[in-house]
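Visitor: The structure that follows is given in the form of structure tokens.
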Amino acid sequence: MTETREKILRVEDVVIRFNLRGKELTAVRSASLDLYKGETLAIVGESGSGKSVFTKSFLGMLDKNGRVASGNILFEGENLAEFTREEQWLKIRGRKIAMIFQDPMTALNPLKTIGEQIREVITLHRGMNRQEAREEALAMLGKVGIGDAAQRYGQYPHEFSGGMRQRVVIAIAAACRPDILICDEPTTALDVTIQAQILENLKELQREMGMSIIFITHDLGVVANVADRVAVMYAGEIVEYGRTPEVFYDPRHPYSWALLASLPQLGEKGEDLYTIHGTPPNLFKEIKGDAFAPRNPRALKIDFEEAPPWFAVSDTHFAKTWLLHESAPEVEAPKIIQRLKEKSLKGLDYGS
Amino acid sequence: MNDIKKKKTRLDRSFDKIRAREEAGLLKQSKMNRQLRKILNNRLAVGGFVIFSLILLASIFAPLICQYDPLAIDLKAVLQAPSADHILGTDRVGRDVFARIVYGGRISILVGLGSALGAALVGVSLGCYAGYKGGLIDGLFLRLSEIFMAFPQIILVLLLVSILGQSLINLIVIFIITGWGPMYRMTRARMLSLREEEYVQALKAFGLGTATITYKHILPNALGPVMVNITLSTAMFILQEAALSFLGLGVPLNIATWGNILNAAQELRILQESWWMWLPVGIVISLFVLSVNFIGDGLRDSTDPSQQG
């Protein structure tokens, strides 16, 4: 399905390092991903796995002490990883790739009416005059589900609720007409009912404008709802990716197992909740072998010695684990994962 | 129970008034600019503005309201107490004190306001950019401002006066050179915290340039303290002008300023016996400084939309 589509973004072996008081921290260790036109790709992983840093590098928005140490970010025939000057980035930010952030309460300038804030990006990126931009802004507000847009247009951010503000932020981002929209946990700060509406808005905008969405989240329920494909990230590395049903029903990496098994919804009554023991590795140190091995009760000896390469599960599903090697011993997935697989064979849909 | 009901506070009464007007259909959405409305609701700011304008207008239209030349010496009328001829009396060489205060206002306000605005212009525009960008430029200006702030002002003034000569423009230039440092540091400090705000990140992600983000989006958020600082330094510069004039280093003595008038009254005899030479001008200075401060406060509140009004 996705193979026939055109690749809009290719990220190859990106390494991102931060300089912290003289020490080097490797936040992203050789992460790669492809993004197809019009699809939604979710990046999941625990806090500190490098999801945000990874995607911020597509916009040149790393903190001052961070840099893309190696790797390529190929977009429209240019390598964004080689950009050094602000002017180069200004051509990309907003009009090509835009990003929305987690906390809608602080994502808008408190001193400007939301109308001004939307109009500003429209005039900047689409060269409209004031009146056209106003109409366009009103239309955008309507599209993201803000009723009475004409009146809301002249109001300040503090007159909006959290969910409404996130809608405004989405309207601003979409008004730039970007090819790629990066959503950094856009629904984390909102309650569940609003979450669903916002996700629906996003999907609709995507259908209408044909943009690709990179969705960063640690909420697997959201992923199942919106994503065409999923990439699982751990310790600055993508360990497994594939189409959403593949990763959800047939996960292969032990970390994906652990993540899914930790979902309380998937457990059965009376069972202990699954937890991942230990902590993520220290990113100041070189990681030898599979980064997840120390926390993985099913780790093989080789996991501590050498990092696994990519193994293909299907044409669209890949995982970085030695378990997929032909000479690997049979290792049983946790019970919950096995049950998931059975359910999927029976044709039941997750989350429905 | 009834007693409690009957007791109405001021708040209750004003609320009742509003409700009555609303029921009568009189309460319409005001078409007036929101910020203007807010500042008009601030009584202190309005009062300050009235006093400020009175003093300012009096200074501007000085020739219309005084009949005397502030520099005309009249040795027949020396040290006269207030009378119908001279509303605020005369000084030691017979110059009309009222005329001197009114004309002196021109110079003092020019020096105070001009220096404060000049210093703010330099300090804020530098601080905004350097604070957002950080790095080398920021470090450079920071050290520079420290040098100017550490340098004794009197020495600097002496130096500049001896090089440039004593004049009004030179005094303003000197005040700007010595006064931009605190403005720079304050703006920079605000920028350092504001640039980490998420909306700044968001604006950046929407593709806005550095200049637009700093001057159009962050600066208004930093303007509150800047406004207050401008008003405070206006007051400070007026007082500094007075102090320097006393030393003979400020405005040349042949020009009447509030500082020059005050300092003519240094003698104990005048302080004890000729109150009209120092009290009125002292009151005018205080009123002016106060009114400027009230205006600054009102401006700060009105530019902050999270404060209702």
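Visitor: Anything in the stretch A:54-82 that is more than 17 Å from the chain's Cα centre (by Cα) and within 25 Å of A:GLY38 (Cα to Cα)? List them, or say none. Don't jump to the end; show me each part of the working.
Guide: As a first pass, look at the stretch A:54-82 and keep what is more than 17 Å from the chain's Cα centre (by Cα): A:63-72, A:74-82.
If the condition is that a residue be more than 17 Å from the chain's Cα centre (by Cα) and within 25 Å of A:GLY38 (Cα to Cα), then A:GLY71, A:ASN72, A:LEU74, A:PHE75, A:GLU76, A:GLY77, A:GLU78, A:ASN79, A:LEU80, A:ALA81 are the ones that fit.
Visitor: Of the residues that make up the stretch A:253-265, is at least one among the polar types (S, T, N, Q), over 13 Å from the mean Cα position of the chain (by Cα) and surrounded by fewer than 19 Cβ atoms within 10 Å (Cβ to Cβ)?
Guide: Filtering the stretch A:253-265 down to residues among the polar types (S, T, N, Q) leaves A:256, A:262, A:265.
With over 13 Å from the mean Cα position of the chain (by Cα) added as a condition, the list becomes A:256, A:262, A:265.
So of that shortlist, the ones also surrounded by fewer than 19 Cβ atoms within 10 Å (Cβ to Cβ) come out as A:262, A:265.
The answer is yes; a qualifying residue exists.
Visitor: State whether the residues of the stretch A:82-101 include one that is out of contact with any Ser or Thr (no Cβ under 9 Å at 6 or more places or on another chain), away from every other protein chain (no Cβ under 14 Å), more than 30 Å from A:ARG21 (Cβ to Cβ) and assigned to a loop (DSSP other than H, G, I, E, B).
Guide: No, the conditions are met nowhere in the stretch A:82-101.
Visitor: Moving on. Which of the residues belonging to the stretch A:54-79 are within 14 Å of chain B (Cβ to nearest Cβ), aliphatic (A, V, I, L, M) and free of Cβ contacts under 8 Å to residues at least 60 places away in the same chain?
Guide: Within the stretch A:54-79, A:MET61, A:LEU62 qualify.
Visitor: Turning to a different aspect of this structure: Restricting attention to the stretch A:154-175, does a residue exist that is modelled with pLDDT under 90 and of a type in the set (Lys, Arg)?
Guide: no
Visitor: While we're on this one: Looking at the stretch A:56-64, can you tell me whether even one residue there is in contact with a strand residue (DSSP E or B) (Cβ under 9 Å, 6 or more places away or on another chain), modelled with pLDDT under 90, farther than 18 Å from B:THR210 by Cα and not β-branched (Val, Ile, Thr)?
Guide: There is no residue in the stretch A:56-64 that is in contact with a strand residue (DSSP E or B) (Cβ under 9 Å, 6 or more places away or on another chain), modelled with pLDDT under 90, farther than 18 Å from B:THR210 by Cα and not β-branched (Val, Ile, Thr).
Visitor: Taking the condition of being of a type outside the set (A, V, I, L, M), out of contact with any Leu (no Cβ under 9 Å at 6 or more places or on another chain) and surrounded by fewer than 19 Cβ atoms within 10 Å (Cβ to Cβ), how many residues in the stretch A:296-309 meet it?
Guide: Counting residues in the stretch A:296-309 that are of a type outside the set (A, V, I, L, M), out of contact with any Leu (no Cβ under 9 Å at 6 or more places or on another chain) and surrounded by fewer than 19 Cβ atoms within 10 Å (Cβ to Cβ) gives 6.
Visitor: Output the residues belonging to the stretch B:204-217 that are within 16 Å of B:GLY131 (Cβ to Cβ) and in contact with a helix residue (DSSP H, G or I) (Cβ under 7 Å, 6 or more places away or on another chain).
Guide: Narrowing the stretch B:204-217 to residues within 16 Å of B:GLY131 (Cβ to Cβ): B:204, B:210-217.
Across the stretch B:204-217, the qualifying residues are B:LYS204, B:THR210, B:ILE213, B:THR214, B:TYR215, B:HIS217.
Visitor: I would also like to ask the following. Any residue at all in the stretch A:14-21 that is over 29 Å from A:LEU259 (Cα atoms) and touching a residue at least 24 places away in the same chain (Cβ under 8 Å)?
Guide: Filtering the stretch A:14-21 for residues over 29 Å from A:LEU259 (Cα atoms) gives A:19-21.
Subsequent filtering for residues that are touching a residue at least 24 places away in the same chain (Cβ under 8 Å) retains A:19-20.
There is at least one residue in the stretch A:14-21 that is over 29 Å from A:LEU259 (Cα atoms) and touching a residue at least 24 places away in the same chain (Cβ under 8 Å).
Visitor: Same structure, new question: Going by the structure shown, is B:PHE175 within 14 Å of chain A (Cβ to nearest Cβ), surrounded by 22 or more Cβ atoms within 10 Å (Cβ to Cβ) and either more than 25 Å from A:HIS125 (Cα to Cα) or out of contact with any His (no Cβ under 8 Å at 6 or more places or on another chain) (or both)?
Guide: On the way: within 14 Å of chain A (Cβ to nearest Cβ): no; surrounded by 22 or more Cβ atoms within 10 Å (Cβ to Cβ): yes; either more than 25 Å from A:HIS125 (Cα to Cα) or out of contact with any His (no Cβ under 8 Å at 6 or more places or on another chain) (or both): yes.
Judged against the criteria, B:PHE175 is not a match.
Visitor: Now, a different point. Among the candidates B:MET183, B:MET236, B:MET227, which residue alone is aliphatic (A, V, I, L, M), over 30 Å from B:PRO70 (Cα atoms) and at pLDDT below 85? Don't jump to the end; show me each part of the working.
Guide: Working: B:MET183 fails: at pLDDT below 85; B:MET236 fails: over 30 Å from B:PRO70 (Cα atoms).
Sole residue among the options that is aliphatic (A, V, I, L, M), over 30 Å from B:PRO70 (Cα atoms) and at pLDDT below 85: B:MET227.
Visitor: Turning to a different aspect of this structure: Please name all residue pairs, on different chains or six or more residues apart, with Cβ atoms under 7 Å, provided the first residue is in the stretch B:204-218 and is more than 7 Å from every other protein chain (Cβ to nearest Cβ) and the second residue is among the hydroxyl-bearing types (Ser, Thr, Tyr).
Guide: From the stretch B:204-218, the pairs are B:THR214/B:TYR129; B:THR214/B:TYR132; B:ILE218/B:TYR132.
Visitor: Output the residues belonging to the stretch A:102-134 that are within 25 Å of A:THR40 (Cβ to Cβ) and at the interface with another protein chain (Cβ under 7 Å from one of its Cβ atoms).
Guide: Result: A:ASP103, A:ALA107, A:LEU108, A:VAL121, A:HIS125.
Visitor: Another question, if that's okay. Quick one: is A:PRO251 touching a residue at least 60 places away in the same chain (Cβ under 8 Å), touching a Phe, Trp or Tyr at 6+ places or on another chain (Cβ under 6 Å), under 20 Å from A:SER49 (Cβ atoms) and in a loop (DSSP other than H, G, I, E, B)? Step through it out loud before you land on a result.
Guide: Values: touching a residue at least 60 places away in the same chain (Cβ under 8 Å): yes; touching a Phe, Trp or Tyr at 6+ places or on another chain (Cβ under 6 Å): yes; under 20 Å from A:SER49 (Cβ atoms): yes; in a loop (DSSP other than H, G, I, E, B): yes.
Criteria met by A:PRO251.
Visitor: Which of the numbered conditions does B:GLU196 fail, given that it passes all the others? Conditions: (1) within 14 Å of chain A (Cβ to nearest Cβ); (2) more than 30 Å from B:GLY105 (Cα to Cα); (3) assigned to a helix (DSSP H, G or I).
Guide: Only one criterion is unmet by B:GLU196, namely (3).
Visitor: Now a separate question. Among the residues of the stretch B:151-170 satisfying the criterion of being among the β-branched types (Val, Ile, Thr) and more than 16 Å from B:PHE246 (Cα to Cα), which is modelled with the lowest pLDDT?
Guide: Looking only at the stretch B:151-170, we keep the residues that are among the β-branched types (Val, Ile, Thr), and these are B:154-155, B:157, B:161, B:163, B:169.
Remaining after also requiring more than 16 Å from B:PHE246 (Cα to Cα): B:163, B:169.
On the way: B:ILE163: 84, B:ILE169: 87.
So, considering only residues that are among the β-branched types (Val, Ile, Thr) and more than 16 Å from B:PHE246 (Cα to Cα), the one modelled with the lowest pLDDT is B:ILE163.
Visitor: Out of the residues in the stretch B:266-290 meeting the condition of being of a type outside the set (Phe, Trp, Tyr) and assigned to a loop (DSSP other than H, G, I, E, B), tell me which one is modelled with the lowest pLDDT. Quick ask: steps written out before the conclusion?
Guide: Step one: of the stretch B:266-290, the residues of a type outside the set (Phe, Trp, Tyr) are B:266-274, B:277, B:279-287, B:289-290.
Pick out the ones that are also assigned to a loop (DSSP other than H, G, I, E, B) and you get B:266-267, B:274.
Values: B:GLN266: 75, B:GLU267: 78, B:SER274: 85.
Restricting to residues being of a type outside the set (Phe, Trp, Tyr) and assigned to a loop (DSSP other than H, G, I, E, B), the top hit is B:GLN266.
Visitor: Kindly evaluate A:GLU305 against the criterion of being without any contact (Cβ under 8 Å) to a residue 60 or more places away in the chain and over 30 Å from A:LYS23 (Cα atoms). Full working, then the answer.
Guide: On the way: without any contact (Cβ under 8 Å) to a residue 60 or more places away in the chain: yes; over 30 Å from A:LYS23 (Cα atoms): no.
So A:GLU305 fails the test.
Visitor: Now for a separate question. Select from the stretch A:150-174 the residues that are surrounded by 18 or more Cβ atoms within 10 Å (Cβ to Cβ), in a helix (DSSP H, G or I) and of a type in the set (A, V, I, L, M, F, W, C) and write down the one among them that is farthest from the other protein chains (Cβ to nearest Cβ).
Guide: So the residue we want is A:MET164.
Visitor: Of the conditions (1) within 19 Å of A:GLY94 (Cα to Cα); (2) more than 14 Å from chain B (Cβ to nearest Cβ); (3) at pLDDT below 90; (4) touching a Ser or Thr at 6+ places or on another chain (Cβ under 9 Å), A:ILE194 clears all except one; give me its number.
Guide: (1)
Visitor: Here's something else I'd like to know. Inside the stretch A:30-53, can you point out the residues that are polar (S, T, N, Q) and within 14 Å of chain B (Cβ to nearest Cβ)?
Guide: Filtering the stretch A:30-53 down to residues polar (S, T, N, Q) leaves A:30, A:32, A:40, A:47, A:49, A:52.
Of everything in the stretch A:30-53, just one residue is polar (S, T, N, Q) and within 14 Å of chain B (Cβ to nearest Cβ), namely A:SER52.
Visitor: List every residue pair whose Cβ atoms sit under 7 Å apart, with the two residues 6 or more apart in sequence or on different chains, where the first one lies in the stretch A:109-121 and is assigned to a loop (DSSP other than H, G, I, E, B) and the second, anywhere, is modelled with pLDDT under 90 and hydrophobic (A, V, I, L, M, F, W, C).
Guide: Matching pairs, first to second residue: none at all.
Visitor: A further question on this structure: Output yes when any residue across the stretch B:265-273 is within 27 Å of B:GLY89 (Cβ to Cβ) and buried (at least 20 other Cβ atoms within 10 Å of the Cβ), and no when none is.
Guide: Yes, there is a match, as at least one residue in the stretch B:265-273 is within 27 Å of B:GLY89 (Cβ to Cβ) and buried (at least 20 other Cβ atoms within 10 Å of the Cβ).
Visitor: Mind checking which residues of the stretch A:304-330 are more than 24 Å from A:PHE248 (Cβ to Cβ) and in a helix (DSSP H, G or I)?
Guide: In the first step, residues of the stretch A:304-330 are kept if they are more than 24 Å from A:PHE248 (Cβ to Cβ); the result is A:304-307, A:326-327, A:329.
Of everything in the stretch A:304-330, those that are more than 24 Å from A:PHE248 (Cβ to Cβ) and in a helix (DSSP H, G or I) turn out to be A:PHE304, A:GLU305.
Matching residues to (1) of a type outside the set (Asp, Glu); (2) within 22 Å of B:LEU168 (Cβ to Cβ); (3) free of Cβ contacts under 8 Å to residues at least 40 places away in the same chain; (4) outside any helix (DSSP H, G or I):
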| site | (1), (2), (3), (4) |
| --- | --- |
| B:ILE101 | yes, yes, no, no |
| B:SER108 | yes, yes, no, no |
| B:LEU117 | yes, yes, no, no |
| B:CYS128 | yes, no, no, no |
| B:ARG143 | yes, no, yes, no |
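Visitor: Tell me which residues, restricted to the stretch B:51-99, are in a helix (DSSP H, G or I) and either surrounded by 15 or more Cβ atoms within 10 Å (Cβ to Cβ) or in contact (Cβ under 8 Å) with a residue 12 or more places away in the chain (or both).
Guide: First pass over the stretch B:51-99, keeping only residues in a helix (DSSP H, G or I): B:51-60, B:62-65, B:97-99.
Hits for the stretch B:51-99 are B:ILE51, B:PHE52, B:ILE55, B:LEU56, B:ALA58, B:SER59, B:ILE60, B:ALA62, B:ILE65, B:VAL97, B:PHE98, B:ALA99.
The values are calculated or read from the model by the stated rules, or taken from the named source; none is laboratory data. Fair warning: this is a prediction, and the values are worked out from it, not measured in the lab. Note that each Cβ is placed from the backbone with ideal geometry, even for glycine, and that neighbours are counted across all protein chains shown.
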